[in-house]
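What follows is a short report on a single structure.
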Amino acid sequence: MPVLLATTATQALTTLGALALASVAPKAALDLGVSAALIGYQVAVVYLGAMVTAPVGGGMVRRLGATRTSQLALWLVAAGCLLSALGTLPTLAAGALVIGFGYGITNPAASHLLSRVPTARNMNLIFSIKQTGVPIGGVLAGIIVPPLTLALGWQAALVVCAVMLVGLSVAMHPAQRAWDGDRDAAAAVFSRPLESIAIVWRNPILRWLAVSSFVYSGVQLCLAGFLATYLVAEVGLDLVVAGTILAVTHSAGAAGRLAWGWLADRLRSGTAAMVALGLLGIAGALATAAVSAGWPLYLVAAATALFGFCAMGWNGVFMAVIARQAPHAIGAATGGSLTITYAGIVVGPAAFGALHDHGGVSYGAAFALLGIGMALGAACVAQARRNIP
């Protein structure tokens, strides 16, 4: 269906823009003369920007329309890629912030569009299909950006990403009038911007789910943001092979989103699926931490794929549960929940990078610690389940 295709493509390309630099962190860091772990802070800045715009995403959807809001997200991420391509630390920081401004409004817009499509029986799967855009964007980052970096440089690779983002926004334009028929040009965008967070915090189910997403999202972005650097710096793989393993991991995450969404619909319980993936993710974290230079590539890929299947597989089910719990305020509840989700992404990669740079913790040991994060996330979802009638 066109709406699902458009929302998935938007998610994929905005994620590509957010993760492009992380996929070539060792090369970019070498050119800039900084530690590769610094890219973890770049990812944190992206999601700091997302935290700013997510709470007003529902207001933008009401005022501009969900399609126009999606186009605005694509334009902002493209602008951030171009800023980053200027190749200095200040422009990287500014570019990351602008990318985050765009990324923060993608999900409220997509949830608004998709809420009119699925039936109650397949909602988890529909939202999970859309959320495969995140690992698809990671696959694109792993497959496209490293070869472009070796051929043209990482700055040129970011420009290519920007062109792809603008191209999708142009392709979506013909549908804008039909899909944005419910917009209200007089709606306020910035009035009571914290109300979306209050909606989440007043509801114990939404509150515990949001806290679980804080933990799960931090783990997910540590995996996406540091895996290539870990494989190059400690396992001894070259950049292209590491990028390929990263792409395999994101592919497993895409498969995980579909599988966990299907399972949630069969169980008729998204929260049960979220607990299960958290527990299995502990094994994935420990397997990834155990990778060493002597392992054959297929075992390295299998270990990281297991982790990706769980740590990148929860988002669609999470979105569907939020939509079920707040059917009359989907945009606001999604934006408020994602503000807390993005806070986890700000904290997680920054803490991971600080553990390595300042705490003397190896990348492998830090990946093992992510297993604790998966356990905590599962525990929070279990608390949410206790409040469901």
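The values are calculated or read from the model by the stated rules, or taken from the named source; none is laboratory data. Bear in mind the structure is a predicted one, so any value in this text is a computation, not a measurement. We place every Cβ from the backbone using ideal geometry, glycine too, and count neighbours over all the protein chains shown.
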Filtering region 269-300 for residues that are farther than 20 Å from Val211 by Cβ and either surrounded by fewer than 16 Cβ atoms within 10 Å (Cβ to Cβ) or in contact with a strand residue (DSSP E or B) (Cβ under 8 Å, 6 or more places away or on another chain) (or both) leaves a count of 10
Restricting region 46-68 to residues that are of a type in the set (Ser, Thr, Tyr) and under 18 Å from the mean Cα position of the chain (by Cα), the one modelled with the highest pLDDT turns out to be Thr53
Going through region 177-200 in order, the residues found to be crowded, with 16+ Cβ neighbours inside 10 Å and either in a loop (DSSP other than H, G, I, E, B) or modelled with pLDDT of 80 or more (or both) are Trp179, Asp180, Arg183, Pro193, Ile197, Ile199, Val200
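Over 17 Å from Ala384 (Cα atoms), at pLDDT 90 or above and either part of a helix (DSSP H, G or I) or among the β-branched types (Val, Ile, Thr) (or both), is that true of Ala343? Steps first, please.
On the way: over 17 Å from Ala384 (Cα atoms): yes; at pLDDT 90 or above: no; either part of a helix (DSSP H, G or I) or among the β-branched types (Val, Ile, Thr) (or both): yes.
Considered against the rule, which asks whether it is over 17 Å from Ala384 (Cα atoms), at pLDDT 90 or above and either part of a helix (DSSP H, G or I) or among the β-branched types (Val, Ile, Thr) (or both), Ala343 comes out as no.
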Scanning region 86-138 residue by residue, those within 18 Å of Val52 (Cα to Cα), surrounded by fewer than 23 Cβ atoms within 10 Å (Cβ to Cβ) and not hydrophobic (A, V, I, L, M, F, W, C) turn out to be none
Over region 332-385, the set of residues over 28 Å from Ala290 (Cα atoms) and either more than 17 Å from the chain's Cα centre (by Cα) or free of Cβ contacts under 8 Å to residues at least 12 places away in the same chain (or both) is Ala332, Ala333, Ala382, Gln383, Ala384, Arg385
Across region 139-161, the tally of residues that are closer than 18 Å to Ala78 by Cβ and either crowded, with 24+ Cβ neighbours inside 10 Å or touching a Lys or Arg at 6+ places or on another chain (Cβ under 9 Å) (or both) stands at 6
_Scan region 321-338 and tell me whether some residue there is part of a helix (DSSP H, G or I), within 21 Å of Phe214 (Cβ to Cβ) and modelled with pLDDT of 90 or more._
no
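Being within 23 Å of Arg63 (Cα to Cα) and aliphatic (A, V, I, L, M) is the filter here, so list the residues in region 156-177 that pass it. Steps first, answer last, please.
Narrowing region 156-177 to residues within 23 Å of Arg63 (Cα to Cα): 165-166, 168-177.
Within region 156-177, Leu165, Val166, Leu168, Val170, Ala171, Met172, Ala175 meet the criteria.
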Taking first residues from region 300-317 that are within 16 Å of Gly243 (Cβ to Cβ) and small (Gly, Ala, Ser) and second residues anywhere that are modelled with pLDDT of 95 or more and surrounded by fewer than 24 Cβ atoms within 10 Å (Cβ to Cβ), the pairs with Cβ under 9 Å that are 6 or more apart or on different chains are none
Of the listed residues (Leu13, Leu72), the one being of a type in the set (A, V, I, L, M, F, W, C) and surrounded by fewer than 24 Cβ atoms within 10 Å (Cβ to Cβ) is Leu72
If we take region 235-316, then helices (runs of 4 or more DSSP H) inside it with 1 or more residues that are modelled with pLDDT of 95 or more and not basic (Lys, Arg) are 270-289, 297-311
Every listed condition ((1) over 28 Å from Ala301 (Cβ atoms); (2) out of contact with any Gly (no Cβ under 7 Å at 6 or more places or on another chain); (3) of a type in the set (A, V, I, L, M)) holds for Leu165 save (2)
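One line per residue, one yes/no per condition, for (1) touching a residue at least 60 places away in the same chain (Cβ under 8 Å); (2) surrounded by fewer than 24 Cβ atoms within 10 Å (Cβ to Cβ); (3) under 20 Å from the mean Cα position of the chain (by Cα); (4) under 21 Å from Leu150 (Cα atoms):
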{"site": "Tyr216", "(1), (2), (3), (4)": "yes, no, yes, no"}
{"site": "Leu223", "(1), (2), (3), (4)": "yes, no, yes, no"}
{"site": "Ala233", "(1), (2), (3), (4)": "yes, yes, no, yes"}
{"site": "Val240", "(1), (2), (3), (4)": "yes, yes, no, yes"}
{"site": "Ser251", "(1), (2), (3), (4)": "yes, yes, yes, no"}
{"site": "Trp260", "(1), (2), (3), (4)": "yes, no, yes, no"}
{"site": "Leu263", "(1), (2), (3), (4)": "no, yes, no, no"}
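Quick one: which helices (runs of 4 or more DSSP H) sit completely within region 52-135 and have at least 3 residues that are touching a helix residue (DSSP H, G or I) at 6+ places or on another chain (Cβ under 6 Å) and without any contact (Cβ under 8 Å) to a residue 60 or more places away in the chain?
Details: elements: 57-64, 66-84, 89-103, 106-114, 123-131.
In region 52-135, 66-84, 89-103 are the helices (runs of 4 or more DSSP H) which contain 3 or more residues that are touching a helix residue (DSSP H, G or I) at 6+ places or on another chain (Cβ under 6 Å) and without any contact (Cβ under 8 Å) to a residue 60 or more places away in the chain.
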